[in-house]
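See structure below.
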Amino acid sequence: MQSLRVNLGERSYPIHVGAGILEQAGELLRQAGLHGKAAIVTNPVVAQLYLDTVHDALSQAGFEVSPVLLPDGEEHKNLKSLATIYDCLIAGRLERTSCVLALGGGVVGDLAGLAAATYLRGVPYVQVPTTLLAQVDSSVGGKTGVNHEKGKNLIGAFCQPKLVLIDIAVLGSLPRRELIAGLAEVIKYGIIKDPALFSLLEQSVEKIIGLNHDLLTHIVATSCAIKARVVEADEREDDYRAVLNFGHTVGHAVEAATGYRQFLHGEAVGIGMVKAAALSVRQSVCDAASLKRVTALVERAGLPAEIPPGVSPKTLIQAMEIDKKVAGGKIKFVMCEGIGKTRFHWLTPEEILRGLGA
Ligand SMILES: NC(=O)c1ccc[n+]([C@@H]2O[C@H](COP(=O)([O-])OP(=O)(O)OC[C@H]3O[C@@H](n4cnc5c(N)ncnc54)[C@H](O)[C@@H]3O)[C@@H](O)[C@H]2O)c1
Ligand SMILES: [Zn+2]
C-alpha cells in the first residue's frame with residue numbers, strides 16, 4: 001500500500017492506494033478518527049460487486065452501516081438523486097459526527113460529496129473511487145456537484161474528503177473502455193507535470209491496460225500526488241488549478257458537439273490533448289517531437305486522436321462559448337512546452353480553431 005497526503009491545513013487528508021484496500025476500509029476509517037454511523041452511497045452495478053465487502057469491513061470495525069442506492073449513470077447526477085441521499089441520511093438519523101462513504105465512480109463521488117458538504121451543514125465523507133477516472137481525478141481535490149439541465153456541474157461545493165481509499169483491484173471489473181478513458185487523465189498528468197510518468201506510460205501502456213497491479217498502484221499514486229500538489233497550490237481554482245484542464249477545452253467542446261453520446265469524457269480528452277499539443281507547436285511554444293510522442297501514446301492507449309469529420313468548426317466554437325470557463329470572450333488555454341511543462345494563453349474560440357487549422 002502507498003500512502004500520500006493532501007496538505008491543506010486543517011482540511012488535510014490521507015490517500016491510501018493499493019490492492020485489497022476495501023477489506024481494510026473499517027480499520028482505515030477508524031484510524032482517520034471516524035466512528036458511529038456510516039452511509040455507503042453507491043449504485044446497483046458497484047453494489048453488486050463491492051458493497052458486501054465494504055459493508056462487512058465497516059461493520060466489523062464497529063460502524064452502524066446504512067447503504068444508499070442511486071440509479072447508475074451521468075443522467076442521474078442531479079438534484080433528484082441528491083434528494084434521495086438526503087432522505088436516506090435523515091431516515092437513518094445520521095448525525096454531525098456520522099460519515100458518508102462514496103463507493104463508485106465520479107458520478108457517485110460527486111453526488112455523495114455534495115450531500116456530505118450540505119447535510120447538517122457538513123458531515124465528514126470518504127471517497128472510495130472504483131473507476132480509474134475517479135481514482136486519479138474526481139476523488140481528490142474536493143470538487144463536488146450535480147448537473148443542471150442547462151449544463152454540467154452547475155451546482156456544487158468545494159469540500160475536501162476526510163480520507164480517500166483507492167483499491168486498484170476493483171479496476172479488474174471495470175469495462176476496458178472505461179479503464180482506457182481514465183488513462184487519458186494519467187497521460188495528462190505526465191504531459192503537464194511529469195516526464196518520468198510519461199516515459200513510463202510509453203514503456204508500459206499495454207501492461208497497465210492488462211491490469212498489472214504494481215504499475216497501476218504506481219501510476220495512480222503518482223497521479224494523485226500531482227493533483228494533490230496542484231490543489232494545494234490553488235484549492236479553489238482561482239488561477240493555477242486550471243492547468244488540470246490541459247486537453248479539456250477542445251475535449252469538452254467535442255463532447256458537447258457530439259451530444260455527450262459518442263465519446264466518454266476521457267476519450268474526448270485524448271482528442272483534446274493531441275489538439276492542444278498541435279496548437280502549442282503552431283504557436284511555437286512546443287517542439288514537433290513532443291507532439292509526435294503525445295499523439296503516439298494517445299493512439300497506443302486506444303484513445304481517439306482526431307476530431308470526427310462530422311463535427312463542424314461552428315459547433316465547436318458554440319460549445320466553447322458556453323463552457324463556464326470563458327471570461328470576457330477568451331479562454332484560458334493550457335499549452336504544453338514539451339513534456340512536463342505548461343503555460344497559459346488567453347485565446348478566443350476562433351483563435352483556437354484557427355490554430356488547429358480548422
Ligand atoms: N469532482 C471532480 O473533481 C471531478 C473530476 C473529473 C470528473 N468528475 C465527474 O466524474 C463523473 C465521471 O466519472 P466516471 O468516469 O467514474 O463515471 P461513472 O461514475 O459514471 O462510472 C462509469 C461506469 O462504471 C461503472 N463502475 C464504476 N466502478 C466500477 C467497477 N469497479 N467495475 C465495474 N463497473 C464500475 C459505473 O457504475 C458506471 O456505469 C462525471 O460526472 C464528471 O463530471 C468530477
Ligand atoms: Zn477530465
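Brief remarks on what is shown
- Whole-percent carbon and sulfur share, accessible surface of the chain, 1.4 Å: 51 percent
- Pair residue 120, residue 87: separation of 7 Å Cα→Cβ label points (nm): 2.1 nm
- Beta bridge orientation in the chain: antiparallel %, DSSP, nearest 5: 45 percent
- Convex hull volume of the C-alpha atoms in the stretch 1-140, normalised per residue: 103 Å³.
- Helical contribution to [θ] at 222 nm, DSSP H n ≥ 4, -39,500 (n - 2.57), averaged over the chain, rounded to 500: -13500 deg cm²/dmol
- Potential extension, residue 204-residue 282 segment - 0.36 nm per residue separation minus Cα distance: 25.1 nm
- Taking every alpha-carbon pair under 8 Å whose residues sit at least 6 apart, the chain reaches a relative contact order of 14 percent.
- Nearest-ten-degree value, helix 248-257 long axis tilted from longest Cα axis of the chain: 90 degrees
- The stretch 133-181: translational diffusion in µm²/s, Stokes-Einstein, Kirkwood Rh over Cα pairs, 37 °C, 0.692 mPa s: 258 µm²/s
- Long pairs among 188/314; 80/152; 37/77; 188/227; 37/152, criterion Cα-Cα beyond 21 Å: 188/314; 37/77; 37/152
- Angle between the chain longest axis and helix 79-91 axis [Cα atoms, degrees, rounded to 10]: 20 degrees
- Accessible area in square angstrom per residue, the chain, 1.4 angstrom probe: 42 Å²
- Radius of gyration over Kirkwood radius for the stretch 224-358, both on Cα atoms: the Rg/Rh ratio is 0.94.
- Ordering of 230-242, 131-143 by packing [mean C-beta count within 10 Å, highest first]: 131-143, 230-242
- Antiparallel DSSP beta bridges within the stretch 1-75, percent to nearest 5: 45 percent
- From the alpha carbon centroid of the stretch 174-195 to that of the stretch 1-79 is 23 Å.
- In range of the label at residue 95: residues from the stretch 25-48 whose backbone nitrogen is under 19 Å from the point 7 Å along Cα→Cβ: 30-40
- Of the peptides 170-181, 154-165, 95-106, the ranking by mean beta-carbon count within 10 Å, highest at the top, reads 95-106, 154-165, 170-181.
- Distance (nanometres) between label positions extended 7 Å along Cα→Cβ at residue 150 and residue 7: 4.1 nm
- Theoretical gain in end-to-end length, residue 158 to residue 30 [0.36 nm per residue, Cα-Cα removed]: 43.7 nm
- Full extension of the chain segment joining residue 299 with residue 214 gains 28.3 nm, where the gain is 0.36 nm per residue of separation less the Cα-Cα distance.
- Angle in degrees between helix 176-193 and the longest Cα principal axis of the chain, rounded to the nearest 10: 70 degrees
- Antiparallel bridge percentage (DSSP; both residues within the stretch 52-167; nearest 5): 40 percent
The values are calculated or read from the model by the stated rules, or taken from the named source; none is laboratory data. What you see is a predicted model, and the numbers here were worked out from it, not measured in a lab. With ideal geometry, Cβ positions are generated from the backbone for all residues, glycine too; neighbour counts draw on all protein chains shown. Accessible surface is based on the protein model in full, side chains and every heavy atom, while ligands, DNA and RNA are left aside. Shrake-Rupley method; radii C 1.70, N 1.55, O 1.52, S 1.80 Å.
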